[in-house]
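Single-structure report; data block below.
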Amino acid sequence: MQTFTEFFNAKKEDNVEVIILSNKAKASYSAPAFEEECKKRGLKFHVIEISKATLVKNTELEQDESDESGNTFILRTKEENYKINSKHNVILARRGVIRDSRTKGILASLEKNGFFCINNLESILNCENKWTSYQCFVDGGVSTPRSALVTKDILEELDNVIESVGGKFPLIVKTTTGSHGVGVSVIESRRSFESVMQTYFKLKPDAEFIVQEMIDADADLRIHVLMKNQEYAHHSKKFKSDNFEIIGQMKRNKIENDFRTNVSLGGTAEAVEITKEQQILAMKAAKAVGCVWCGVDIMEDKKTGKSYVLEVNASAGTQGIKKYAGKDVVEVIVDFIMNKEKWQKTTSKIGLREVIKVKGVGSIVAKFDTGNGATASSITYDTMNVDGKYVDWTIGSKSMRSKILGYADVEVGQLIEKRPIILLDIEFDDKKYKDVPVFLSDRKSKSTKFLVNRELMDRMSVVVDANSQFLATEYKGNYNSAEAKEKKYMGIAFERE
């Protein structure tokens, strides 16, 4: 008989397909660069203009395609329908995905259904709003220029605002959104500051601006950072430098008769070596906003030598960095995404106990055991009879016959018993998971009759709040774990015959 390990490994496929969600209509160097690199590797590649695309969930397809190969969707455009699958497709989300609520909703749906997205919606939004970025930097202990948010209502407190950012002119004023240096100004005096703000708010009363101390520098650094494990970085306050990699950097010189350094506005760039402190600062900034891959802008004060993070770009360009960094960032990213073991899914929080549906049995209160590293999850049973390659088993009035994939070694007192591993179809939080490995275990005296292992939790992209239960699902009735130990079917709602 084929062992369970052999069976499980045999189901893994190596094919990877790259999808870029972008404003395709706008000229871009990065998309063609990724396309060329993917062709070299034999990877399928598509650029989808997200503003003209719609996402069709698997429940709307002609047949259910949510199976052991992941969750399947259709991205529809006028030109073509793209079938995408969470096990095979990597989503490279460019800045165009936050165009409006509909486009943001597409990315959010893909994340929720297990697609590996570079970057996820939360991190892109963290970078897009400069005030949100600033708050992330402060919370993450990242050195950044002192900043304050200016709205129409705070104009009367302008002196306090100026004092909060150092009390010295000139100051930088930025719109909360914008890129390529657009929306950034230098204010030379309090009078001009007040005048400019009054004019802005007359034109747009609900506008928001950031006022920031000005760092005296002739250049800035653009540093590309790759985060190796997004889940660790998101759920841990600790910073570990080995979870990040600097994959390229360049120095961008100030534009003549301007304070900005953007190459897109005429600035020049050159190769540069960065210090260990600047590397760590860039990594901490990436962690603070939650990006898997990003460009971090750092400026070094020429008087003090101290480095400051100005902003993080979740949709960093790749043309200049390739020219000056001495390495191809696109090649590094494609190398990274080709290894599925490095794929990072956006996780959702669930309770220690949740309700799952087991096909052929019914709804069961399951315990999500983060300490369970067993090769399979487990389900209770009443009777069991092994018949060659099959096992006949019962639970309540349900009689099941399942093919045996292998056996799990289970400690029972001082003994080791072999329990048959079978495949079950499971539904959780409106998503279906076919062929879930489960071993039969007598759990009638346990508080929960189904135990979810880490492998299945990873497949579901969930993290457990051990202090809560039934966060994602609803249990109809009052569930008492102590009482459940005395009732062999408590927590089970059997399917109707």
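List of remarks:
- Scanning the stretch 482-497 for residues that are outside any helix (DSSP H, G or I) and either within 23 Å of the chain's Cα centre (by Cα) or of a type in the set (Asp, Glu) (or both) turns up Glu486, Glu495, Glu497.
- Members of the stretch 284-325 that are more than 19 Å from Gln344 (Cα to Cα) and in a loop (DSSP other than H, G, I, E, B): Asp301, Lys302, Lys303, Thr304, Gly305, Lys306, Ala316, Gly317, Thr318
Conditions tested, residue by residue: (1) open to solvent by less than 10 Å² (accessible area, probe 1.4 Å); (2) under 23 Å from Ala31 (Cβ atoms).
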{"site": "Glu270", "(1), (2)": "no, no"}
{"site": "Ile280", "(1), (2)": "no, no"}
{"site": "Ala285", "(1), (2)": "yes, no"}
{"site": "Ile298", "(1), (2)": "yes, no"}
{"site": "Val312", "(1), (2)": "yes, yes"}
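- From Tyr489, Tyr479, Tyr475, residue being aromatic (Phe, Trp, Tyr) and out of contact with any strand residue (DSSP E or B) (no Cβ under 7 Å at 6 or more places or on another chain): Tyr489
- Of the residues making up the stretch 145-155, just one is touching a strand residue (DSSP E or B) at 6+ places or on another chain (Cβ under 8 Å) and among the charged types (D, E, K, R), namely Arg146.
- Matching residues, the stretch 133-149, being closer than 23 Å to Thr304 by Cβ and polar (S, T, N, Q): Ser133, Ser143, Thr144, Ser147
- Some residue of the stretch 81-99 being at pLDDT below 95, farther than 14 Å from Ala314 by Cβ, among the polar types (S, T, N, Q) and open to solvent by 30 Å² or more (accessible area, probe 1.4 Å): yes
- Residue, modelled with the highest pLDDT, within the stretch 100-122, restricted to residues that are of a type in the set (Gly, Ala, Ser) and either within 15 Å of Val47 (Cβ to Cβ) or under 11 Å from the mean Cα position of the chain (by Cα) (or both): Ala108
- Scanning the stretch 75-104 for residues that are touching a Leu at 6+ places or on another chain (Cβ under 9 Å), over 14 Å from Trp343 (Cα atoms) and touching a residue at least 40 places away in the same chain (Cβ under 8 Å) yields Leu75, Tyr82, Ile84, Ala93, Arg94, Gly96, Val97, Thr103.
- For the stretch 252-283, the set of residues classified as in a helix (DSSP H, G or I) and at pLDDT below 55 consists of Val263, Ser264, Leu265, listed by residue number.
- Qualifying residues in the stretch 287-311 (those that are within 16 Å of the chain's Cα centre (by Cα) and of a type in the set (Val, Ile, Thr)) - the one nearest to Val138 (Cα to Cα): Val289
- Hits in the stretch 44-77 - residues which are open to solvent by 20 Å² or more (accessible area, probe 1.4 Å), at pLDDT 85 or above and in a loop (DSSP other than H, G, I, E, B): Thr77
- Checking Leu121 against (1) open to solvent by less than 50 Å² (accessible area, probe 1.4 Å); (2) farther than 27 Å from Asp100 by Cα, the condition it does not meet: (2)
- Yes/no for Ile223 being at pLDDT 95 or above, under 22 Å from Ala316 (Cα atoms) and open to solvent by 20 Å² or more (accessible area, probe 1.4 Å): no
- The listed residues are Lys130, Lys152, Lys174, Lys168, and the only one of them that is touching a residue at least 24 places away in the same chain (Cβ under 8 Å), within 22 Å of Glu311 (Cβ to Cβ) and open to solvent by 70 Å² or more (accessible area, probe 1.4 Å) turns out to be Lys168.
- Only a single item in (1) hydroxyl-bearing (Ser, Thr, Tyr); (2) over 25 Å from Lys403 (Cβ atoms); (3) at pLDDT 90 or above is not met by Ser461, and it is number (3).
The values are calculated or read from the model by the stated rules, or taken from the named source; none is laboratory data. Bear in mind that the values here come from a model prediction, so they are computed numbers and not experimental data. Quick reminder, even Gly has a Cβ in these numbers, built from the backbone with ideal geometry, and neighbours come from all protein chains shown. Surface accessibility is based on the protein's heavy atoms, side chains included, excluding ligands, DNA and RNA. Shrake-Rupley method; radii C 1.70, N 1.55, O 1.52, S 1.80 Å.
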